[in-house]
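Comments concern the structure below.
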Amino acid sequence: MHAYTDRKSKMTQNNPISPNLPCKVRLLISILTTVIDAVRRSNGTVNRRLMSLFDFKALPSDKPNNAVKTPDVMVDPSRNLWFRLYVPTTTDPASKLPLVIYFHGGGFVFFSANSQPYNDLCKRLATKLPAVIISVNYRHAPEHRYPSQYEDSMDVLKFIDTTRIEGLDLNNVDITRCFLAGDSAGGNLAHHVTDWYWKAFLPEGSNRDHAVVNVFGPESSGILGVKFPATIVFMGGFDPLQDWQKMYYQGLKKKGIQAYLIEYPNSFHGFYVFPELKESSLKDFIDKLSTC
Ligand SMILES: *[C@@H]1O[C@H](CO)[C@@H](O)[C@H](O)[C@H]1NC(C)=O
């Protein structure tokens with residue numbers, strides 16, 4: 001759901017270098033782009049009330065709905081830190097499922113773990129992979145700047161490690177197969193969105209060379225000595241951030257990390273939340289994963 005402004009002209013005009021998209025997806029992107037432009041104020045704040053009219057939410061469900069239970073689990077009420085758990089209910093009870101911890105996108109500013117498109121995406125992942133998914137509801141910038149989002153994410157990981165959670169126990173989850181996944185800001189792969197988002201996210205006075213943005217840049221502490229896991233970067237051919245995604249992948253390779261880059265030539269930033277697109281087919285995604 002990231003139709004960022006700098007893509008707008010290319011997405012909505014009849015431009016030969018834009019991806020080939022169904023009408024419905026084009027219309028949704030154009031509405032979303034208009035809303036996202038309207039709610040971002042020039043003084044760096046967000047009109048949350050206006051955004052809430054367009055950011056439709058999906059309710060949690062303790063009962064299976066399309067073969068997935070989706071309860072919410074509170075981690076820390078003082079900062080409204082919680083996650084939504086996606087537990088498939090029709091998989092073979094004898095086989096343990098991998099665990100995927102998912103960080104949604106939205107420039108650190110928009111959307112939540114219960115936003116309809118992310119809820120639907122996580123449900124598809126849960127049934128098609130299949131896997132148990134935890135979708136983290138981290139705090140938003142600019143109301144909460146860096147490092148709030150990292151603290152929230154780490155605290156959810158610690159909570160999972162130390163707390164008994166119904167639906168998430170060693171009987172149904174193979175904790176040795178645990179994956180961290182995310183899109184856009186959520187994956188922290190999107191090293192550049194627009195200046196507006198970085199200004200909203202970073203502490204006042206810092207720039208894009210801040211170590212959390214330019215992760216292989218001059219101010220970065222690097223990842224040497226860190227047991228960094230194997231990493232897959234997914235990239236859309238029409239994503240304005242693709243050069244940064246490629247550099248991220250190359251940066252990992254240069255540090256000797258096992259890294260893979262998978263490109264979707266006809267896709268734009270956030271394509272995976274549109275089930276209408278053949279590129280967001282999870283079967284195709286899983287086939288691509290198995291080539292890594
Ligand atoms: C930003 O603008 C909005 C709307 O004009 C206003 O309500 C808000 O107080 C302003 N915030 C700051 C920090 O200037």
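Neighbours of residue 165, meaning other residues whose beta-carbon lies under 15 angstrom from its beta-carbon, give a summed charge of -3 when Lys and Arg score +1 and Asp and Glu score -1.
Below 10 angstrom from the Cβ of residue 138, what's the summed charge of the other residues (Lys, Arg +1; Asp, Glu -1)? Numbers along the way, then the final one.
Working: positive: 79, 139; negative: 151, 152, 155.
Overall, the nearby charge balance is -1.
With an a/c value of 1.5 or above and a/b larger than b/c for the gyration tensor axes a ≥ b ≥ c computed over the alpha-carbon atoms, the stretch 45-188 is described as prolate.
Taking amide H atoms as placed 1.01 Å from N in the peptide plane, list the residues 5 or more away in sequence, or in a different chain, whose amide H sits under 5 Å from that of residue 68. Excluding prolines and chain starts, which carry no amide H, the hits are 89.
Could you work out the local net charge near residue 48, counting Lys and Arg as +1, Asp and Glu as -1, over the other residues with Cβ closer than 13 Å to its Cβ? Please list the in-between numbers first.
Numbers: positive: 40, 41, 49, 139; negative: 55, 143.
The answer is +2.
Label separation (residue 180 vs residue 54): 3.1 nm, computed from points 7 Å beyond Cα along the C-beta direction. The HN-Hα couplings worked out from phi for the stretch 241-254 by the Karplus form 6.51 cos²θ - 1.76 cosθ + 1.60 (θ = phi - 60°) are 8, 5, 5, 6, 5, 5, 5, 4, 4, 5, x, 5, 4, 4 Hz, whole numbers, x standing for Gly and Pro.
Per-residue 3J(HN,Hα) values for the stretch 106-115, derived from phi via the Karplus relation 6.51 cos²θ - 1.76 cosθ + 1.60 with θ = phi - 60°, read x, x, 6, 10, 10, 6, 9, 4, 9, 4 Hz in sequence order (x marks Gly and Pro). For residue 182, the residues whose amide H sits under 5 Å from its own are 103, ignoring neighbours fewer than 5 places away on the same chain, with H placed 1.01 Å from N. Farthest toward the dipole's positive end in the stretch 123-167, which of 127, 159, 138, given Cβ charges of +1 (Lys, Arg) and -1 (Asp, Glu) about the Cα centre? Among 127, 159, 138, the one farthest towards the positive end of the dipole of the stretch 123-167 is 127.
Output the peptides 71-77, 259-265, 59-65, 271-277 sorted from most to least packed, where packing is the average of other Cβ atoms within 10 Å over each peptide's residues. If you can, show how the numbers build up before the last one.
Numbers: 71-77: 14.4, 259-265: 16.0, 59-65: 12.4, 271-277: 18.7.
Highest mean packing first, the order is 271-277, 259-265, 71-77, 59-65.
Applied to the stretch 24-40, the Karplus parametrisation 6.51 cos²θ - 1.76 cosθ + 1.60 on θ = phi - 60° returns per-residue 3J(HN,Hα) values of 4, 5, 4, 5, 4, 5, 5, 5, 4, 4, 5, 5, 5, 5, 6, 8, 8 Hz, with x for Gly and Pro.
Read the figures in this text as sums done on the coordinates, not as results from a lab. Owing to the predicted nature of the structure, the values given are computational and were not obtained by experimental measurement. Positions of Cβ are generated from backbone atoms using ideal geometry, with glycine treated the same way; all protein chains shown enter the neighbour counts.
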